[in-house]
1. Answer yes or no as to whether residue 59 is surrounded by fewer than 19 Cβ atoms within 10 Å (Cβ to Cβ), under 24 Å from the mean Cα position of the chain (by Cα) and farther than 20 Å from residue 122 by Cα.
2. Would you kindly identify the strands (runs of 3 or more DSSP E) lying entirely within segment 124-238 that contain at least 3 residues that are more than 29 Å from residue 261 (Cβ to Cβ)?
3. When residue 68 is evaluated against the numbered criteria (1) touching a strand residue (DSSP E or B) at 6+ places or on another chain (Cβ under 6 Å); (2) part of a loop (DSSP other than H, G, I, E, B); (3) closer than 30 Å to residue 210 by Cβ, which criterion, by number, is the only one it fails?
4. Residue 220 - would you say it is within 30 Å of residue 102 (Cβ to Cβ), in contact (Cβ under 8 Å) with a residue 60 or more places away in the chain, in the same structural domain as residue 339 (by TED's automatic domain parsing) and in contact with a helix residue (DSSP H, G or I) (Cβ under 9 Å, 6 or more places away or on another chain)?
5. From (1) surrounded by 16 or more Cβ atoms within 10 Å (Cβ to Cβ); (2) free of Cβ contacts under 8 Å to residues at least 40 places away in the same chain; (3) outside any helix (DSSP H, G or I), pick out the condition that doesn't hold for residue 247.
6. Mind checking which helices (runs of 4 or more DSSP H) fall wholly inside segment 261-377 and carry at least 3 residues that are touching a residue at least 12 places away in the same chain (Cβ under 8 Å), surrounded by fewer than 22 Cβ atoms within 10 Å (Cβ to Cβ) and not assigned by TED's automatic domain parsing to the domain that holds residue 217?
7. From (1) part of a strand (DSSP E or B); (2) more than 21 Å from residue 178 (Cα to Cα), pick out the condition that doesn't hold for residue 73.
8. Would you confirm, using the coordinates I've provided, whether residue 201 is more than 20 Å from the chain's Cα centre (by Cα), more than 24 Å from residue 75 (Cβ to Cβ) and at pLDDT 95 or above?
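The values are calculated or read from the model by the stated rules, or taken from the named source; none is laboratory data. All of these numbers come straight from a predicted model, not from anything done at the bench. Don't worry about glycine lacking a Cβ; one is built from the backbone with ideal geometry, like all the others, and counts go over all protein chains shown.
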């Protein structure tokens, strides 16, 4: 097949059809010029999905009458098992895997029993063998691709013999960065122009309320502002766990009326309105392979304060925007206090245009051409 604009028939296999995984899959299918059908399971029990979803989804795929030019999977699928089960029908169909995250570089919760019992390595092994079994391996950022490939040799060192380290070069050769596409223009209708900014900045948290997003460090950062006598409001948004985490519950008591919003937004409209209203986005994440919530907030004009690591330098050049980065928690406090004091937050962030390049209007052609190249490559 030669590269062209001819429509392909693609099956997108998503074992964890929830949250950002679901939005990415649905938005890609809606915007692509190719015909993309979704084969999914509900987004729960992620560990069981990594073990068992390959069997369930292979059976569902084989029960259909459809034929596909390409199968696109994500990192929650055991691709080696999946492809072995469908080979009698799809042996000649190329399979690509898209890594939203990976278990090799993901920080495990200190309370996770699999980590305590040293059973967590198997989930890494599934990611590893999946990338081996796939014909093409996509990562959502350069940072993600580079850290995964760099960490694999040390992971393989843990085995007693036949570590197969040559496979790392094979994975690298068939890997590429394909940034996350986001529906950023969906935020546009909820922008409301105001005559002038208020006297107190609105700080924003719009991530999951989970340990890997650094909520305790975020609370320390805002507590330090209070100790300096700096006033602010804060909107604590984002996906909540089933039980209210103590770090935010206690912070809510300390911050009192400064908490302008608390909990998951009631609707996208509500979420978008808060992002446009917010002024500063202090980020304390321990891990972000891409950082979709950060890109969304910056697109809506928030001034980000980012750790000088993870995927953020892929989005906003450190040398061009040094004021947006910090290397230690003390430096984060200083930069945030400086930003509040000089009232730079009263104007929209100049980084908004940088964030806008991840909108699907810019990204979809890149995706479509990448899929076509896969079919054009022998």
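1. The answer is no for residue 59.
2. Numbers: elements: 136-139, 175-177, 202-205, 233-236.
Those strands (runs of 3 or more DSSP E) span 136-139, 175-177.
3. So residue 68 meets the others, but not (3).
4. yes
5. (3)
6. Correct list: 360-376.
7. (2)
8. Details: more than 20 Å from the chain's Cα centre (by Cα): yes; more than 24 Å from residue 75 (Cβ to Cβ): yes; at pLDDT 95 or above: yes.
The answer is yes for residue 201.
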